[in-house]
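Heads up: the structure comes next, in structure tokens.
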């Protein structure tokens, strides 16, 4: 039996209101949304550690979340996992005419412009009123800031002025109220993300690297002082 089909069947049985699992059978897309975030974090941890057995297992947990969410939608008469797969395959083919069609994209810049043009012409994007529509609100703040700056750049709009970082830092130190402190520090953080964007590095990733290095150094300090 195809293993993906087997997993789909397992989830269907778990969701059966009569003979399934009491927990699985009553879940909704909203009630299980936190698990998608948690499983994504566990997958990223396994990937960072290059523990490939755990990577495989965590990919399975992510796949379970996709199948379970799709099954809930099928049970409620919205769509099923086949609709999800079909839609995604169609979208990838549509957005890669240089692979599946006759269009040419000789460079990464040509590919990006072509991708943006195709994406912007899709029905779901035609109703967007702002270049910032489509930036997920639930993204981690650093990643959301960088996505925002990417959208601004692609729209041809000016990015934050890096020269303001020093003045904002000065304003942080001189902030007369907690509200002013928070506002100016927020501008500093946003400016630092813009600096990351200028140098083509991911703010979320380099902060994770810095945290990881700190954890490593702190654990070494603990071992040496015991």
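Numbers for the structure displayed
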item	result
Residue within region 79-96 that is more than 30 Å from residue 112 (Cα to Cα), more than 20 Å from the chain's Cα centre (by Cα) and not assigned by TED's automatic domain parsing to the domain that holds residue 117 present	yes
Long-range neighbours under 6 Å by Cβ, at least six apart or interchain, first residue in the same structural domain as residue 85 (by TED's automatic domain parsing) within region 1-20, second assigned to a loop (DSSP other than H, G, I, E, B) and loosely packed, with under 10 Cβ neighbours inside 10 Å	none
Flag for residue 47 being surrounded by 15 or more Cβ atoms within 10 Å (Cβ to Cβ), in the same structural domain as residue 88 (by TED's automatic domain parsing) and in contact with a helix residue (DSSP H, G or I) (Cβ under 7 Å, 6 or more places away or on another chain)	no
Among the residues listed as 205, 179, the single one being over 27 Å from residue 38 (Cβ atoms) and in a helix (DSSP H, G or I)	179
Residue satisfying all of: in region 111-131; closer than 19 Å to residue 158 by Cα and modelled with pLDDT under 80; surrounded by the most Cβ atoms within 10 Å (Cβ to Cβ) among these	131
Hits in region 85-106 (condition: in contact with a helix residue (DSSP H, G or I) (Cβ under 7 Å, 6 or more places away or on another chain) and either surrounded by fewer than 15 Cβ atoms within 10 Å (Cβ to Cβ) or at pLDDT 95 or above (or both))	93, 94, 100, 103, 104
Breaking point among (1) surrounded by 14 or more Cβ atoms within 10 Å (Cβ to Cβ); (2) free of Cβ contacts under 8 Å to residues at least 40 places away in the same chain, for residue 204	(2)
Looking only at region 15-24, and only at residues there that are more than 28 Å from the chain's Cα centre (by Cα) and closer than 16 Å to residue 64 by Cβ, the one that is surrounded by the most Cβ atoms within 10 Å (Cβ to Cβ)	20
Test result for residue 194, under 21 Å from the mean Cα position of the chain (by Cα), more than 28 Å from residue 34 (Cα to Cα) and modelled with pLDDT of 85 or more	yes
Test: residue 178 is closer than 27 Å to residue 116 by Cβ and either at pLDDT below 90 or exposed (fewer than 15 other Cβ atoms within 10 Å of the Cβ) (or both)	no
Test set (1) within 22 Å of residue 139 (Cβ to Cβ); (2) in contact (Cβ under 8 Å) with a residue 60 or more places away in the chain - residue 42 fails condition number	(2)
Criterion violated by residue 172 - all others in (1) at pLDDT 85 or above; (2) outside the structural domain of residue 203 (by TED's automatic domain parsing) satisfied	(2)
Hits in region 108-155 (condition: closer than 20 Å to residue 89 by Cα and part of a helix (DSSP H, G or I))	111, 112, 114, 115, 116, 117, 118, 119, 120, 123, 124, 125
Verdict on residue 214 being exposed (fewer than 11 other Cβ atoms within 10 Å of the Cβ) and part of a helix (DSSP H, G or I)	yes
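Residues are listed down the side, and each one gets a yes or a no for (1) loosely packed, with under 13 Cβ neighbours inside 10 Å; (2) at pLDDT 95 or above; (3) over 18 Å from residue 12 (Cβ atoms):
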{"residue": "35", "(1), (2), (3)": "no, no, yes"}
{"residue": "38", "(1), (2), (3)": "yes, no, yes"}
{"residue": "43", "(1), (2), (3)": "no, no, yes"}
{"residue": "65", "(1), (2), (3)": "no, yes, no"}
{"residue": "71", "(1), (2), (3)": "no, yes, no"}
{"residue": "83", "(1), (2), (3)": "no, yes, no"}
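The values are calculated or read from the model by the stated rules, or taken from the named source; none is laboratory data. It should be emphasised that the depicted structure is a prediction, and the values quoted were computed from it without experimental measurement. For neighbour counting, all protein chains shown are included, and Cβ atoms are generated from backbone atoms with ideal geometry for every residue, glycine included.
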